[in-house]
Ligand SMILES: Nc1ncnc2c1ncn2[C@@H]1O[C@H](COP(=O)(O)OP(=O)(O)OP(=O)(O)O)[C@@H](O)[C@H]1O
């Protein structure tokens with residue numbers, strides 16, 4: 001483990017140094033007692049051998065019982081404390097990762113898959129937890145075991161003690177070799193398990209597709225292959241595990257045999273007493289477990305190295321979109337809602353062409369502007385730029401004449417209600433979904449927002465009305481119902497600017513027009529309405545026509561129809577399609 005990673009581990013541990021210290025002191029007492037008890041047995045045996053008295057027997061039995069109980073209690077305390085530190089660090093790391101992920105921009109999540117991030121936040125954190133609790137316990141325990149037990153053994157008889165521990169380095173190497181293999185096999189099990197989960201998850205969500213294309217047999221076979229891989233990986237792992245433990249046990253018996261052979265000879269020669277011999281047997285036995293544990297710890301370290309890197313790779317990512325050093329506040333009650341773009345350009349990282357090319361416009365407060373244009377012309381990019389979901393340059397976009405990159409991010413975003421193309425609903429009640437932006441909002445406000453979004457009558461028809469669960473654990477809403485629920489969520493927060501990114505595509509034209517009219521006439525919000533349905537945008541105050549990242553036309557529906565240009569072509573095309581349908 002290199003220095004950098006070791007330092008990182010120490011920074012994880014540092015807040016818990018007091019607990020660790022108590023744990024270490026406890027381990028010192030445990031190990032001292034585990035040396036003292038065999039020496040007490042030795043004294044007992046030797047004394048009883050010369051003068052046997054029942055009172056003496058009871059004295060030793062009770063004393064050893066009390067000390068052994070005390071040792072058990074302190075050992076328990078040390079384990080609770082040190083493993084507890086591992087759990088604490090696990091909790092803190094998870095908090096840190098989640099809080100950090102919340103600071104990162106959507107672009108980060110487009111590159112990093114959720115599966116990988118979840119794995120890092122769970123599996124890798126788990127490795128660190130195991131490493132910390134286990135490693136501290138094991139290293140300290142082994143250190144005390146050898147510094148206290150070995151001198152006690154050597155004090156009894158040097159050659160015998162050395163012979164008895166000759167086998168231990170071999171035990172350490174064996175355990176390490178095996179645990180390397182265990183690590184690889186464990187990884188195979190985890191990967192096979194992930195493969196299966198992925199297949200199940202995909203098949204469950206694509207069930208209709210499987211049925212339509214009659215692919216049940218193929219999917220069954222694919223599952224069988226993956227399931228068989230998991231079985232093989234599990235069996236391999238079980239074999240290695242079942243081999244290792246008898247080998248370790250066998251090795252500790254070898255050391256016992258050596259001691260038996262040489263020890264009895266030493267007793268006969270009068271070099272040691274019977275009590276010495278018994279004490280040596282107990283002491284050497286006490287070294288076996290810490291030695292084996294050290295072997296596992298070395299492997300846990302190696303696994304931990306990878307996990308530290310994988311976790312730090314998330315924590316070191318600097319959020320690209322954050323408050324400027326001198327950002328200023330923009331109180332919601334003062335926002336009028338005028339939006340101005342000045343040669344706004346944006347190129348996605350790694351893309352060859354810009355998605356927005358020097359776009360300039362001014363949208364007045366309270367105005368409803370529709371944005372139309374062919375697929376991929378940059379409409380969503382423009383919509384995402386306004387709440388700074390994209391990392392745009394300064395002095396290109398302004399709200400009420402203030403550069404949005406200089407406005408406090410939370411203030412900027414709370415002045416904008418944004419309904420994206422994909423209306424995402426959480427697995428909770430309809431009410432909680434609508435008041436997501438203001439979780440303590442009163443039911444009456446939720447109902448008002450739902451009425452404005454033209455979804456209220458349908459909610460009343462659901463089994464538990466506003467308390468109806470939606471999503472995975474509840475009922476499935478139609479596309480149009482989902483969109484209007486998402487719209488109600490945006491309307492509830494009552495922001496002065498509303499951006500609808502193709503957010504009413506599954507709502508019929510008549511309802512969409514009704515919603516829009518209501519927004520512009522009654523609520524006086526600034527509305528940006530992106531849509532492919534030209535008939536729904538016809539009532540907008542103005543329409544921006546985009547093509548290849550530029551605004552190519554601007555005007556009212558009537559103005560634009562009179563001009564020969566993209567809008568006229570798109571309009572005629574939709575009229576023709578409507579007639580043919
Ligand atoms: N994350 C991204 N990385 C790279 N290129 C992107 C990314 N998102 C969008 N683009 C590209 O930027 C251009 C504009 O995309 P955008 O989503 O803004 O178009 P749009 O007009 O909203 O399209 P649609 O009508 O299909 O929603 C497209 O060429 C698209 O492929």
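Could you sort the peptides 531-540, 506-515 by per-residue average Cβ neighbour count (10 Å cutoff), highest mean leading?
Values: 531-540: 19.6, 506-515: 17.3.
Top to bottom by mean Cβ count within 10 Å: 531-540, 506-515.
Which of the three applies to the stretch 312-414, rounded, prolate or oblate, going by the alpha-carbon gyration tensor with a ≥ b ≥ c and a/c under 1.5 meaning rounded? Verdict is oblate for the stretch 312-414.
Can you tell me the order of 360-369, 482-491, 282-291, 5-14 when each peptide is scored by its average per-residue count of other Cβ atoms within 10 angstrom, highest first?
482-491, 282-291, 360-369, 5-14
Mean 1/r over all different Cα pairs, inverted: what Kirkwood radius does the chain give, in Å? If you can, show how the numbers build up before the last one.
Details: mean 1/r = 0.0329 Å⁻¹.
Hydrodynamic radius (Kirkwood, Cα pairs) of the chain is 30.4 Å.
Relative to the longest principal axis of the Cα atoms of the chain, helix 566-580 runs at roughly 90 degrees.
For the chain, give me the percentage of DSSP beta bridges that are antiparallel, rounded to the nearest 5 percent. Here the antiparallel bridges make up roughly 45 percent for the chain. Between the stretch 349-418 and the stretch 109-128, the C-alpha centres lie 31 angstrom from each other. The C-alpha radius of gyration of the stretch 3-315, expressed as a fraction of 2.2 N^0.38 Å, stands at 1.33.
For the peptides 562-568, 258-264, 50-56, 345-351, what is the packing order when you average, over each peptide's residues, the other Cβ atoms within 10 Å and list the highest mean first? Present the calculation step by step, with values, prior to reporting the outcome.
Working: 562-568: 14.9, 258-264: 16.6, 50-56: 8.6, 345-351: 12.9.
Highest-to-lowest ranking by the protection proxy: 258-264, 562-568, 345-351, 50-56.
Dividing the summed helix terms, -39500 (n - 2.57) for each DSSP H run of n ≥ 4, by the number of residues in the chain produces a 222 nm estimate of -21000 deg cm²/dmol to the nearest 500. Stretching the chain fully between residue 49 and residue 25 yields a gain of 5.0 nm (0.36 nm per residue, less the alpha carbon separation).
Against the chain, whose longest principal axis comes from its Cα atoms, helix 125-144 is set at around 20 degrees.
Where a number appears in this text, it was derived from the coordinates with a stated rule and is not lab data. Please read these numbers as outputs of a predicted model, since none were measured by experiment. Reconstructed Cβ throughout: ideal geometry from the backbone, glycine too, with neighbour counts over all protein chains shown.
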